[in-house]
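The values are calculated or read from the model by the stated rules, or taken from the named source; none is laboratory data. Note that the structure is a prediction, hence the values are computed from the model and not measured. Reconstructed Cβ throughout: ideal geometry from the backbone, glycine too, with neighbour counts over all protein chains shown. Please note that ligands, DNA and RNA were not included when accessible areas were found on the heavy atoms of the full protein model with its side chains. Shrake-Rupley method; radii C 1.70, N 1.55, O 1.52, S 1.80 Å.
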Amino acid sequence: MIRNLQHKYALSERGAKDMIKAFVCCTLSYLVLIFPVGLLYSLVSDLMEEKAPADRISFYVIGSILCLALILVTTYLQYNATFLSTYKESGIRRISLAEKLRKLPLSFFSEKDLADLTSSIMADCALLETASSHWIPELVGALASTVLIAVSMFFFDCRLAIAALWVLPVAFAVILTSSKFVNRKQEKQMDAKMAFADGIQECLESLRDLKANNSQDDYMIGLDAKIKAVEKRTIITELNNAVFNGSARMILKLGIATTALVGGKLLADGSIGVLTYFMFLLVVSRIYDPMTTTLDNLSGIIALNVPCSRMNEILEHAMQTGTDRLSNKGYDIKFSNVGFAYNDGKQVLKNVSFTAKQGEVTALIGPSGGGKTTVSRMATRFWDYDQGTITVGGMDISKIEPEKLLELYSIVFQDVTLFNNTIMENIRIGRKGATDEEVIAAAKLAHCDEFAEKLPDRYNSMIGENGCDLSGGERQRLSIARAFLKDAPIILLDEATASLDVENESLIQESLSKLIQNKTVIIIAHRMRTVAGADRIVVLKDGNVAEQGTPEYLCQIDGIYSHMAKTQMESAQWQLKNTRSYKEGKQA
Ligand SMILES: Nc1ncnc2c1ncn2[C@@H]1O[C@H](COP(=O)(O)OP(=O)(O)OP(=O)(O)O)[C@@H](O)[C@H]1O
């Protein structure tokens, strides 16, 4: 049962046990509400039998105090078992989701969109919180207490019990049979919401390009259609809920009428006494209240399937694992017949073999789409390869825990990610715990001091979201400073100096040459000038190693590298041929 609950409602083991406790407490708290009814029944019975209530006054006072105490205690227990444990569990769920996401390979994220994941972490967690604190324990509590009360009703009078209880299975049947239909509508509503959230996110991210291309109006038409789709789907879902839940509620109310009618008839026939009739009416009024709430929640509980399966998909997805004990000898990176395909199944790397040696600079070059970035993703376990092996210092990287492996790398990406924080803290991400002096030394090596010193708060200046207050070159220099600070034995530079001007590129390359001494360096570059000084060049074309060797050797064989170098030399001399006619046109 515990395992079932864990899977069904994406709970931890402790969360599932707490949920069972909540079921028991809810049942008790509903059951004790019947005690005051019993006391009232006894009082009316005494009055009718003309017993002197004065003799029984202490019985009623003690009985009332006991009822009150029981209600207080069970309410307190129910509160603790549902609310406190739910919020504890919610914290555990959110942390385990975050932990899991941290350990999932990037391949998982390329299958999912950000809006979907954000919704799982925020909205789905909040929904499960409400379900675990209210809907599910209330449903189980109301059902269990109703069953017990129903049994005692049958004990008193079968005919009246049937008149009071026939509505329950009918109302439940309405909700359960409609659930599949309602679920489908809810799934469609969720899809429409996701498409809309994606649209908003895409719109905000691409605002600059939309403005530059005067495409805002066209884009807004598409976004408007998505909003309308959400509106339509929400109306349909709410209508469905209203029809089915409304019908179930009405059927429940019929129970009071049938009890009154059947009871009246039996009373007139003399089959039952006034007291039994009165007691049934009292009990019926008590059991329908929790049942009405329960029926409302039942459709919500059934619809939990969608968020729970989305959450389980994250929680049960295979993680990248490995040892955190390194036994590598040196830091040579060796690719042996590595093959890889992204989720679309297209083979992107085919039998890739090369060695990036420690103390050398290995440059990956080749035409666009040749597989350079993919090779770097394999080396860092951002994605796991399908065939072959990759080793670092002789140790198979697929057996190394990804976070441990990444400790060996200083990486500078082409698309830099910065945080809305100070320059100092953005660089300190390279090595947590580095002193201010160490951060500033790294910043100076990456020539960040040139712009940091000019800012009002110098290294303590805020740089805006993703460094929006800085230029492309300045952002790139910050990420290079991080790599300097981390000072790991393997350096991976993915077009690291691409957004720098020639002067800054030369200065940073000079600093980089100090950083890379005795390290394994892999550079991905398009500009042949950047890789001319490399010790080894690996040319990747269509996922194959087309050529490899020293720059001199590759020039001699007159292959792709030599052709690319020549073409880039020619393009360096290229100029706008139409300059004259352009000027003439302007003057005219
Ligand atoms: N996340 C992904 N999902 C599916 N296919 C991808 C993904 N990333 C890259 N590819 C495909 O893999 C192939 C190799 O891409 P990769 O980015 O490794 O090439 P590259 O040599 O680095 O290109 P460029 O020089 O343009 O950056 C391309 O055909 C690309 O379309």
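Sorting 327-337, 349-359, 485-495 by their mean Cβ neighbour count within 10 Å, with the most densely packed peptide first, gives 485-495, 349-359, 327-337.
Here the average projected area of the convex hull drawn through the C-alpha atoms of segment 284-432 stands at 16.0 nm². If a paramagnetic tag sat 7 Å from the Cα of Ile200 along the Cα-Cβ line, which residues of segment 207-231 would have the backbone N under 15 Å from that point? The answer is 223-231. Applying a threshold of 32 Å to the alpha-carbon distances of Lys226/Lys253; Lys21/Lys228; Lys211/Lys350; Lys88/Lys486; Lys185/Lys253 flags Lys226/Lys253; Lys21/Lys228; Lys211/Lys350; Lys88/Lys486 as lying beyond it.
Rounded to the nearest 500, what is the 222 nm mean residue ellipticity of the chain from helices alone, with -39500 (n - 2.57) per DSSP H run of 4+ residues and division by all residues?
Working: 26 runs with 364 residues, N = 588.
Taken over the chain, the calculation gives -20000 deg cm²/dmol.
Distance between the 7 Å Cα→Cβ label points at Leu239 and Asn214: 4.1 nm.
Normalising the average separation of contacting C-alpha pairs (under 8 angstrom, six or more residues apart) by the number of residues puts the relative contact order of the chain at 14 percent.
At 1.4 Å probe radius, can you tell me the per residue accessible area of the chain in Å²?
Numbers: 30810 Å² over 588 residues.
Per-residue value: 52 Å².
Going by accessible surface with a 1.4 Å probe and the largest first, Thr530, Thr294 read Thr530, Thr294. From most to least packed by mean Cβ count within 10 Å, the peptides 268-279, 515-526 give 515-526, 268-279. The portion of the accessible surface of the chain made up by carbon and sulfur, rounded to a whole percent, is 59 (1.4 Å probe; DNA, RNA and ligands excluded).
Among the protein heavy atoms, those of Met319 account for about 80 Å² of accessible surface (1.4 Å probe, every chain in place). Stretching the chain fully between Tyr60 and Ala126 yields a gain of 19.3 nm (0.36 nm per residue, less the alpha carbon separation). Extension gain, Asn4 to Asn421, is 145.7 nm, computed as 0.36 nm per intervening residue step minus the present C-alpha separation.
If you plug the beta carbon distance of Ser327 and Ser107 into 1/(1 + (r/R0)^6) with R0 = 30 Å, you get a FRET efficiency near 0.65.
Spacing of the modelled spin labels on Glu503 and Leu207, each 7 Å from Cα toward Cβ, amounts to 3.3 nm. Stretching Cys468 away from Asp269 to a fully extended chain increases their span by 63.0 nm, per 0.36 nm per residue minus the current alpha-carbon distance.
Note on Leu47 and Val170: with the Förster distance fixed at 30 Å, the Cβ-Cβ geometry gives a FRET efficiency of about 0.25. Taking all protein chains together and a 1.4 Å probe, the residues Ile62, Ile302 rank Ile62, Ile302 from largest to smallest accessible area. Compare the Cα positions of Trp135, Ile251, Tyr219 along the charge dipole of segment 2-315 (+1 at Cβ of Lys, Arg; -1 at Cβ of Asp, Glu; about the Cα centre) and return the one farthest towards the positive end. Looking along the dipole axis, the top candidate is Trp135.
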